[in-house]
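Accompanying notes for the structure given below.
The values are calculated or read from the model by the stated rules, or taken from the named source; none is laboratory data. Here the structure is a predicted model, which means the values were calculated and not measured. All Cβ positions, glycine included, derive from the backbone under ideal geometry; neighbour counts span all protein chains shown. Side chains included, ligands, DNA and RNA excluded: accessible areas come from the protein's heavy atoms. Shrake-Rupley method; radii C 1.70, N 1.55, O 1.52, S 1.80 Å.
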Amino acid sequence: MIIGTAGHIDHGKTALVKALTGIEADRLAEEKARGITIELGFAYADLGGGAVTGFVDVPGHERLIHTMLAGAGGIDFALLVVAADDGIMPQTREHLAILSLLNLTRGIVALTKADLAGPERRAEVTAQIRAALAGTPLAGAGVLPVSSLTGEGIADLRAALAAAEAETARRSAQGPFRLAVDRCFTLSGAGTIVTGTVISGRVALEDAVIISPSGLNARVRGIHAQNHRAREGLAGQRCALNLAGDGVTKAAIHRGDMILAPMLHAPTDRIDAELSVLPSEPRPIGTWFPARLHSHAADVAARIVPLRGEIAPGESGLVQLVLDRPIAAAVGDRFVLRDTSASRSIGGGIFLDLRAPARKRSTPERLAVLAAARDRDPASALAGMLAVAPVDLPGFLRDRALPLAPAAIREAAGAEIVGRLALSAAQMQGLRRALTDTLAAFHAGNPDLPGIGREKLRLALSPRLPKDEFLAFLRDQAQAGRVALEGAFLRLPGHEVQLSPEDEALFARILPQLLGQGRFRPPRVRDFAQDFAVDEREVRRVLKLAQRLGRVDQIAQDHFFARAVTAEMVAILRDVAAQSEDGWFTAPAFRDRVQNGRKVAIEILDFLDRHGLTLRRGDLRRINPHRADLFGE
């Protein structure tokens, strides 16, 4: 368990930690000289239950709230400190508000310096504390009078904390590793050390990790977990990691960075979130409101964009947070917003979507996605989001720091997968139906075309899939026999190109000349155009359509032969080959048989070469035995 102190400056937080653990949490000479905590302090002790409990001691000065926030993000239990002589003070209230915004529901109040107060004063301050806690997640917290000087109540407080330790459920170490960095320093002979609380997963010696948002790669050389040398660190523990790698230096790692399993590295600077504004805020939160965002140990400038109008003090609403620089985060992380002068806390809440759009951020569909994202159960959240639109499943899992083994979540959400996308069963059914309906309508209106272009079809269907996912979807549908893929075109399996009545009429005029006496040397496109007084482009279009129907073959540019004539020429070719001694023959031998010119004869043979019917060796050709049935009679 990790216990975090909170409370006003000079109320005895550090002295209390020392009384409980025997460890002086103030490390800096300036802290000891001035008697105030400036940086985060850490201590560890067995409180009597056999487990090592970690303490994070935070500064209480109003100008050091950002440091307090850096230590408050990963704690399990709050130790709120209120001095009996001073009572509730401004930083007591602000620290308490921050604990509430972080949704910390477990804690205890230590009424310190009890040796300076009699029974009446103790009762008075206890009543103040009860009033301050009312309406917060810590409303039921116990209040224990203690004195670090005389030792009064220390044993009782230690026992209460040990009981809380025993009731603390061990955090699941499943899922990818995340550690929020709150300190980075170097040790002689060891190198770069980072410390922080493990938010999720586990890390072991020699694991590869990534420092986010910078993207620096590192290797774990050593681990201290709960102040003991260890071979692995687990979720819920404070860990010190000795990191090695190119560029891994103290200067390259900052408080607020995350040490991550490499699969999680995807920093963001635009986040949709749910924000609760503190009642103490003097005015509503409007568009582009400036603030400082604190999440775990990160501290970054931000602008607030409410998604449904201004948010009044004491109210909650959806917002988009536009950050000055990217941070590493996860959906479900808590955050606190403070004003830019660091004089007050504004509010806080929870991250809902790390990939927030810059445009159309307040549409009904977008708000519905965010409403579904509020659900803390991943499968339920995914199902709700799928009811609105397809979801990038790897991104969904990554942004929630979930294991990248989506089968259970996918099945629970009733999702179907296409590439990276998850779709609901209804979306997939609708997409399949739209595919066949669109193709059927296209064929009905364009019987002379082989099919519709792939990109045109993608843009016509809803939901509109990205190109890679759409191609994967089409391949699945083709494998299932619902569509046929022909290059960049798609058609229904039963569709065949048909000539319109007008095209059939023109082809009927052309065909006799393709089958007549000059069938081995038929007119070209321009000849038909001149003879029939028809646009050359129309003749070419009709002959190309006839080619798709298997009625003609384009032997050369604008030179079409009837398919029956092609078959006749292949028969002649076989006879020419049979009459040669070794099966090899020359173009002139074929030319003489079809009574054609040398150029046309070579064009015919080249056409047959392209279709694999003949094999060529210099000026000689022979029939390819593996394709002997091509253009058969």
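Does region 167-182 contain at least one residue that is within 22 Å of residue 53 (Cα to Cα), at pLDDT below 90, of a type outside the set (Val, Ile, Thr) and assigned to a helix (DSSP H, G or I)?
Yes - at least one qualifying residue is present in region 167-182.
Name the residues in region 257-286 that are closer than 15 Å to residue 337 by Cβ and assigned to a loop (DSSP other than H, G, I, E, B), would you?
Residues satisfying the conditions are 278, 279, 280, 281, 282, 283, 284, 286.
If you go through region 20-41 one residue at a time, do you hit one that is modelled with pLDDT under 85, under 20 Å from residue 225 (Cβ atoms) and part of a strand (DSSP E or B)?
yes
Has region 612-628 got at least one residue that is more than 25 Å from residue 529 (Cα to Cα), of a type outside the set (Asp, Glu) and more than 60 Å from the chain's Cα centre (by Cα)?
So far as region 612-628 goes, yes, one or more of its residues are more than 25 Å from residue 529 (Cα to Cα), of a type outside the set (Asp, Glu) and more than 60 Å from the chain's Cα centre (by Cα).
In region 98-110, which residues are out of contact with any helix residue (DSSP H, G or I) (no Cβ under 8 Å at 6 or more places or on another chain) and closer than 20 Å to residue 126 by Cβ?
The one that is out of contact with any helix residue (DSSP H, G or I) (no Cβ under 8 Å at 6 or more places or on another chain) and closer than 20 Å to residue 126 by Cβ: 100.
Return yes when residue 248 is of a type outside the set (Asp, Glu), in a loop (DSSP other than H, G, I, E, B) and over 26 Å from residue 99 (Cβ atoms) and no when it is not.
yes
Just wondering, is there one or more residues in region 343-354 that are part of a loop (DSSP other than H, G, I, E, B), among the hydroxyl-bearing types (Ser, Thr, Tyr) and out of contact with any His (no Cβ under 8 Å at 6 or more places or on another chain)?
Yes, region 343-354 contains a residue that is part of a loop (DSSP other than H, G, I, E, B), among the hydroxyl-bearing types (Ser, Thr, Tyr) and out of contact with any His (no Cβ under 8 Å at 6 or more places or on another chain).
Suppose we filter 303, 229 for residues that are touching a Pro at 6+ places or on another chain (Cβ under 9 Å) and free of Cβ contacts under 8 Å to residues at least 24 places away in the same chain; which single one remains?
Matching residue, one of 303, 229: 303.
Has region 193-214 got any residue that is touching a Pro at 6+ places or on another chain (Cβ under 6 Å) and not in a strand (DSSP E or B)?
yes
Taking region 448-463 on its own, how many of its residues are closer than 16 Å to residue 389 by Cβ and in contact (Cβ under 8 Å) with a residue 40 or more places away in the chain?
Selection size over region 448-463: 1.
Considering region 196-216 alone, what residues qualify as being in contact with a strand residue (DSSP E or B) (Cβ under 6 Å, 6 or more places away or on another chain), polar (S, T, N, Q) and open to solvent by 10 Å² or more (accessible area, probe 1.4 Å)?
197, 200
Which of the residues belonging to region 225-241 are crowded, with 18+ Cβ neighbours inside 10 Å, in a strand (DSSP E or B) and at pLDDT below 95?
Hits for region 225-241 are 225, 230, 233, 234, 238, 239, 240.
So which residues in region 563-598 are of a type in the set (A, V, I, L, M, F, W, C) and either closer than 26 Å to residue 511 by Cα or within 60 Å of the chain's Cα centre (by Cα) (or both), if there are any at all?
Answer for region 563-598, where residues must be of a type in the set (A, V, I, L, M, F, W, C) and either closer than 26 Å to residue 511 by Cα or within 60 Å of the chain's Cα centre (by Cα) (or both): 564, 565, 567, 569, 570, 571, 572, 573, 590, 594.
Would you pick out the residues in region 464-486 that are more than 29 Å from the chain's Cα centre (by Cα) and in contact (Cβ under 8 Å) with a residue 40 or more places away in the chain?
Within region 464-486, 482, 483 qualify.
Say whether the condition of being aliphatic (A, V, I, L, M), closer than 30 Å to residue 369 by Cα, under 28 Å from the mean Cα position of the chain (by Cα) and surrounded by fewer than 19 Cβ atoms within 10 Å (Cβ to Cβ) is met by at least one residue in region 295-310.
yes
Just the residues that are in a strand (DSSP E or B) and surrounded by fewer than 22 Cβ atoms within 10 Å (Cβ to Cβ), please, taken from region 317-342.
If the condition is that a residue be in a strand (DSSP E or B) and surrounded by fewer than 22 Cβ atoms within 10 Å (Cβ to Cβ), then 317, 322, 323, 324, 325, 326, 334 are the ones that fit.
Quick one: is residue 500 exposed (fewer than 15 other Cβ atoms within 10 Å of the Cβ), more than 27 Å from residue 389 (Cα to Cα), touching a residue at least 12 places away in the same chain (Cβ under 8 Å) and among the polar types (S, T, N, Q)?
Yes, satisfied.
Of everything in region 243-289 that's over 27 Å from the mean Cα position of the chain (by Cα) and of a type in the set (Lys, Arg), which residue is least open to solvent (accessible area, probe 1.4 Å)?
So the residue we want is 250.
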